[in-house]
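K.L.:
Structure in structure tokens, see below.
Values quoted throughout were computed directly from the atomic coordinates according to the rules given, and no laboratory measurement underlies them. Computed from a predicted model, the values in this text were never measured in an experiment. Counting neighbours? That spans all protein chains shown, and the Cβs are built from the backbone with ideal geometry, glycine included.
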Amino acid sequence: GDSVTQMEGPVTLSEEACLTINCTYTATGYPSLFWYVQYPGEGLQLLLKATKADDKGSNKGFEATYRKETTSFHLEKGSVQVSDSAVYFCALSNRDDKIIFGKGTRLHILP
Amino acid sequence: DAGITQSPRHKVTETGTPVTLRCHQTENHRYMYWYRQDPGHGLRLIHYSYGVKDTDKGEVSDGYSVSRSKTEDFLLTLESATSSQTSVYFCAISESRMANTGELFFGEGSRLTVL
């Protein structure tokens, strides 16, 4: 079945450092790919998405490119802030009404 | 912010008792979902609904039932709570099918502790 694998955390970085959170997927066909973010004490919210190969999703300085050849959707940001501290979830949807989430990666940004 | 209200937000109960969690939306979205979030497992789908009285199972549906008698309400019931059902439960809604790149909007979560 379809699945999402993302790097385990926690990831700890200093403010202004570069961020990459790896995500790979297994799916038949052409899934849509998402990154969701969960701030402390809140529900998840959509950060960015991409619906076809080579699409780049971007929001709040974060970017991710849909790479079909490597089945990847890595999340990147050039300069992180303390306010980016959160849990990040990679996810996919494929031909039905459901979305499948990865296990999440906790990110800590130190001032 | 999407109008999603979960109740109760916190509940402590004992093993063997029934528990019902309620999700109420004011967005008139067709799709509603119940997830549980546990350390090391991320989010796992319990049940979902694609319309009034139309529901289907997710990947961890054993021990749970749902009902949707109105567009705005989606109830999750634990008929006989067990300690393994201690978790944070999230309701989510979507206007369109996820396969059509629909976006999920989440409630704030309900923390359930089963002693």
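K.L.:
Over the whole of A:36-43, what's the average partner chain Cβ count within 10 Å per residue? Rounded to a whole number, please.
P.N.:
4
K.L.:
Mind telling me which of A:GLU63, A:GLU15, A:GLU76 comes out most flexible in a GNM of chain A, alpha-carbon contacts under 10 Å?
P.N.:
A:GLU15
K.L.:
Using a Förster radius of 30 Å, what is the FRET efficiency between B:ARG97 and A:SER83 based on their Cβ-Cβ separation? Nearest 0.05, please.
P.N.:
With R0 = 30 Å, the Cβ-Cβ based efficiency is 0.35.
K.L.:
Right, next: Treating the Cα atoms of the protein assembly as shown as identical point scatterers in vacuum, please give the log10 of the normalised Debye intensity I(q)/I(0) at q = 0.16 Å⁻¹, two decimals.
P.N.:
Summing over Cα pairs of the protein assembly as shown leads to -1.10.
K.L.:
Rank these for me by crowding, B:TRP34, A:TRP35, going from fewest to most other beta carbons within 10 Å.
P.N.:
Least to most surrounded, the residues fall as A:TRP35, B:TRP34.
K.L.:
Can I ask one more? Quick one: if you stick a label point 7 Å off each Cα along the C-beta vector at A:LYS52 and B:THR113, how many nm between them?
P.N.:
About 5.1 nm separates the two model spin labels.
K.L.:
If R₀ is 30 angstrom, what is the calculated FRET efficiency for the pair B:LYS70 and B:LYS11, using the beta carbon separation as r and rounding to 0.05?
P.N.:
Plugging the Cβ-Cβ distance into 1/(1 + (r/R0)^6) gives 0.85.
K.L.:
Can I ask one more? Among A:VAL37, A:VAL82, which comes first, then next, by fewest other beta-carbon atoms within 10 Å?
P.N.:
A:VAL82, A:VAL37
K.L.:
Here's another thing I want to ask about it. Per-residue Cβ counts within 10 Å, from other chains only, averaged over A:84-96: what number is that?
P.N.:
That works out to 2 on average.
K.L.:
For region B:31-39, what does the Karplus curve 6.51 cos²θ - 1.76 cosθ + 1.60, with θ = phi - 60°, yield as ³J(HN,Hα) per residue in whole Hz, taken in order and with x for Gly and Pro?
P.N.:
9, 9, 9, 10, 10, 10, 10, 9, x
K.L.:
Skipping prolines and chain starts, which residues have an amide H placed within reach, meaning under 5 Å, of the one on A:VAL11, given they are 5 or more residues away or on another chain?
P.N.:
A:ARG106, A:LEU107, A:HIS108
K.L.:
Would you please state the base-10 log of I(q)/I(0) at q = 0.10, 0.14 1/Å for chain B, with intensities from the Debye formula using one equal scatterer on every alpha carbon?
P.N.:
The Debye formula, applied to the Cα set alone, gives -0.26, -0.51.
K.L.:
What does the structure give for A:98-108 when I average, per residue, the other chain Cβ atoms found within 10 Å of the residue Cβ?
P.N.:
5
K.L.:
Kindly flag which residue pairs out of B:LYS11/B:LYS70; A:LYS52/A:LYS98; A:LYS49/B:LYS70; A:LYS103/B:LYS70 have an alpha-carbon separation exceeding 20 Å in this structure.
P.N.:
The pairs that break the limit, which is 20 Å between Cα atoms, are B:LYS11/B:LYS70; A:LYS49/B:LYS70; A:LYS103/B:LYS70.
K.L.:
Counting C-alpha atoms alone, how compact is chain A: give Rg to one decimal and Dmax as a whole number, in angstrom.
P.N.:
Both quantities, over Cα of chain A: 13.4, 43 Å.
K.L.:
Right, here's the next one. Order these by the 10 Å Cβ neighbour count, fewest first: A:THR71, B:THR17.
P.N.:
B:THR17, A:THR71
K.L.:
Let me ask something else. Report the normalised scattering of region A:1-49 as log10 I(q)/I(0) at q = 0.29 Å⁻¹, calculated by the Debye formula with identical scatterers on the alpha carbons.
P.N.:
Each listed q maps to, in turn, -1.25.
K.L.:
Taking amide H positions as placed in the peptide plane 1.01 Å from N, state which residues far from A:LYS103 in sequence (5 or more) or on other chains have amide H under 5 Å from it.
P.N.:
For A:LYS103, the qualifying residues are A:GLN6.
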